[in-house]
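Structure first, then comments.
The values are calculated or read from the model by the stated rules, or taken from the named source; none is laboratory data. Remember, it's a predicted structure, so these values are computed and weren't measured experimentally. Glycine also receives a Cβ, built like all others from the backbone with ideal geometry; neighbour counts cover every protein chain displayed.
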Amino acid sequence: MRYFERLDTWESKGPVYLFINEESRADETFLRTGLMSELAQETKGAMFLSEHRYYGESKPFVNITTENLRFLSSRQALADVAGLLKQIKSSPEFNSSKVVVVGGSYGGNLAAWMRLIVHLFWQKPISTRA
């Protein structure tokens with residue numbers, strides 16, 4: 001899974017904000033404006049943006065076929081995000097940081113489901129247009 005990070009607003013023990021991108025190519029310019037950027041600046045947080053599998057450059061197969069589309073599901077997307085969060089939280093600088101998962105529309109649903117389905121970390125979801 002491809003992801004982007006912005007750490008210039010982060011201070012030690014600040015929160016980690018992870019925006020779950022939806023059904024489109026992820027673009028790191030998203031980390032420069034909007035709600036998550038404002039929250040990160042106010043709370044000294046780190047920002048991450050994940051790219052959903054099968055979109056943008058996060059394609060698990062060279063050729064998309066009906067057969068390999070069976071791996072395109074919300075559960076698989078949640079597993080991808082959980083893996084990224086596990087990687088982030090394993091880093092010493094973020095292991096004591098709270099995690100806030102953010103998303104809008106389908107990504108907002110994924111953010112809410114992270115709290116309900118994936119119990120790896122204490123998380124706060126922010127869902128818009130979910």
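Considering only residues that are buried (at least 20 other Cβ atoms within 10 Å of the Cβ) and outside any loop (DSSP other than H, G, I, E, B), which ones fall in segment 88-102? Outline the logic, then answer.
If we filter segment 88-102 for residues that are buried (at least 20 other Cβ atoms within 10 Å of the Cβ), which is where we start, we get 88, 94, 97, 99-102.
Result: Ile88, Val99, Val100, Val101, Val102.
Filter segment 86-117 down to the residues that are closer than 18 Å to Phe4 by Cα and of a type in the set (Lys, Arg) and list them by number.
Listed by number, the residues that qualify are Lys86, Lys89.
Thr29 is checked against (1) surrounded by 13 or more Cβ atoms within 10 Å (Cβ to Cβ); (2) within 16 Å of the chain's Cα centre (by Cα) and fails just one. What number does that condition carry?
(1)
When segment 42-85 is examined, which residues are found to be of a type in the set (Lys, Arg) and under 13 Å from Met1 (Cα atoms)? Give the derivation first.
Quick first cut of segment 42-85, residues of a type in the set (Lys, Arg) only: 44, 53, 59, 70, 75.
Across segment 42-85, the qualifying residues are Arg53, Lys59.
Only one of these is in contact with a helix residue (DSSP H, G or I) (Cβ under 7 Å, 6 or more places away or on another chain), polar (S, T, N, Q) and surrounded by 13 or more Cβ atoms within 10 Å (Cβ to Cβ): Ser58, Ser37. Name it. Full working, then the answer.
Working: Ser58 fails: in contact with a helix residue (DSSP H, G or I) (Cβ under 7 Å, 6 or more places away or on another chain).
Checking each option against the conditions leaves just Ser37.
Residue by residue, here is whether (1) in contact (Cβ under 8 Å) with a residue 60 or more places away in the chain; (2) under 15 Å from Gly107 (Cα atoms) holds:
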residue: Tyr3; (1), (2): yes, yes
residue: Leu7; (1), (2): no, no
residue: Gly14; (1), (2): yes, no
residue: Phe19; (1), (2): yes, yes
residue: Glu42; (1), (2): no, no
residue: His52; (1), (2): no, yes
residue: Arg75; (1), (2): no, yes
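For the subset of segment 20-73 comprising residues that are of a type in the set (Phe, Trp, Tyr) and at pLDDT 85 or above, which member is nearest to Lys86 (Cα to Cα)?
The first filter runs over segment 20-73 and keeps only residues of a type in the set (Phe, Trp, Tyr), leaving 30, 48, 54-55, 61, 71.
Then keep just the ones that are at pLDDT 85 or above; that gives 48, 71.
On the way: Phe48: 13, Phe71: 21 Å.
Among those that are of a type in the set (Phe, Trp, Tyr) and at pLDDT 85 or above, it is Phe48.
Name the one entry in Ser91, Ser58, Ser73 that is over 23 Å from Ser24 (Cβ atoms), of a type outside the set (A, V, I, L, M) and over 13 Å from the mean Cα position of the chain (by Cα). Talk me through it step by step, then tell me what you get.
On the way: Ser58 fails: over 23 Å from Ser24 (Cβ atoms); Ser73 fails: over 23 Å from Ser24 (Cβ atoms).
Checking each option against the conditions leaves just Ser91.
Give me the pairs, please: first residue somewhere in segment 79-103 and without any contact (Cβ under 8 Å) to a residue 12 or more places away in the chain, second residue anywhere and surrounded by 14 or more Cβ atoms within 10 Å (Cβ to Cβ) and not in a loop (DSSP other than H, G, I, E, B), beta-carbon distance under 7 Å, and either six or more positions apart or on two chains.
Between residues of segment 79-103 that are without any contact (Cβ under 8 Å) to a residue 12 or more places away in the chain and residues that are surrounded by 14 or more Cβ atoms within 10 Å (Cβ to Cβ) and not in a loop (DSSP other than H, G, I, E, B), the close pairs are Asn95/Lys89.
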